[in-house]
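**Q** Below you'll find the structure I mean.
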Amino acid sequence: MPDDYFRRVEKTEVFRDDRPLEVDLGCGDGSFLLGMAEHHPDHNFLGVERLLGRVRKVCKRAKRGNLDNLKVLRLESRYSVEWLLAPGSVSRLHLLCPDPWPKVRHHRRRLVQQDFLEAVFAVLEPGGEFLFKTDHDEYFEWAVEKVGEFGKFESLDWPEDAFFYPKTDFQIQWEAEGKRLQGLRLRKN
Ligand SMILES: C[S@@+](CC[C@H](N)C(=O)[O-])C[C@H]1O[C@@H](n2cnc3c(N)ncnc32)[C@H](O)[C@@H]1O
């Protein structure tokens, strides 16, 4: 947990070194995050998760794997991006299988909105990327529309074999049920 919720945190305060910082919003049980931290010892990984049980589980797994490049912040995703992390401090920001809030009256709870995209853009370093995946077709279309309206990101191709990208716990679950995921790869130029 941060010492002070009312000031920006530099990445060197989180990990005390200057390795590229990757953030996974709503990291859940952390399989993706743990896989990434193991594969990229030269990067630091910060999971953001509001449920304490999940935070503890990921931290335990990281300790067992001796991963000193992984930490989990127990905080709300939007707040972390808008108010806590320093501008230009994140090299890649991942938002994977977020809650789709399917009911129309709940759409305003979806993370992908203009103010959130503005905050993501600000927190990324130049050339940094925002990676988004969902199994929910309508949320995917919503995200494409919001990103188009926002207009500041460059959209990149993201074929499955583009780079190492482990499956998340929810992805494994959805794919076992025959659902397919769609993704957006967006770069801050
Ligand atoms: C559907 S799960 C996906 C978990 C993981 N990304 C995956 O793909 O396996 C969504 C996760 O985000 C967390 N979450 C949802 N909204 C959040 C928020 N506003 N701030 C922080 N965590 C949130 C939930 O507790 C849950 O663990």
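Derivation of every value follows stated rules applied to the coordinates shown; laboratory data play no part. Just so it is clear, the structure is predicted and the values come from calculations on it, not from any experiment. When we count neighbours, we look across all protein chains shown, and the Cβ atoms used for this are built from the backbone with ideal geometry, even at glycine.
**Q** Set Lys and Arg Cβ to +1 and Asp and Glu Cβ to -1, take the dipole of the chain about its Cα centre, and tell me which of 107, 147, 40 lies farthest positive.
**A** Going by the charge dipole, the pick is 107.
**Q** Also, quick follow-up: Compute the signed sum of charges (Lys and Arg +1, Asp and Glu -1) over the other residues within less than 13 Å, Cβ to Cβ, of residue 158.
**A** Details: positive: 92, 133, 185, 187; negative: 129, 154, 157, 160, 161.
Charge balance near residue 158 sits at -1.
**Q** For the chain, compute the number of Lys pairs whose alpha carbons are separated by less than 16 Å, excluding pairs fewer than 8 positions apart on the same chain.
**A** Here the count comes out as 10.
**Q** Using alpha carbon centroids, what distance separates the stretch 85-125 and the stretch 1-52, in Å?
**A** 16
**Q** A further question follows. Who wins for biggest fluctuation among 17, 99, 161 in a Gaussian network model of the chain, springs between alpha carbons below 10 Å?
**A** Highest fluctuation among the options: 161.
**Q** What is the stretch 86-189 by shape, rounded, prolate or oblate, if you read a ≥ b ≥ c off the alpha carbon gyration tensor as root eigenvalues and call it rounded for a/c under 1.5, prolate for a/b larger than b/c, and oblate otherwise? Before the final figure, lay out each step's value.
**A** Working: a/c = 1.88, a/b = 1.21, b/c = 1.56.
Verdict is oblate for the stretch 86-189.
**Q** Loop-only GluC sites (Glu not before Pro) in the stretch 85-176, please: DSSP not H, G, I, E or B, and at most 10 other Cβ atoms within 10 Å. Present the calculation step by step, with values, prior to reporting the outcome.
**A** Numbers: sites: 118, 129, 138, 141, 145, 149, 154, 160, 175; in loops: 160.
When the GluC sites (Glu not before Pro) of the stretch 85-176 are filtered for loop state and at most 10 Cβ neighbours within 10 Å, 160 remain.
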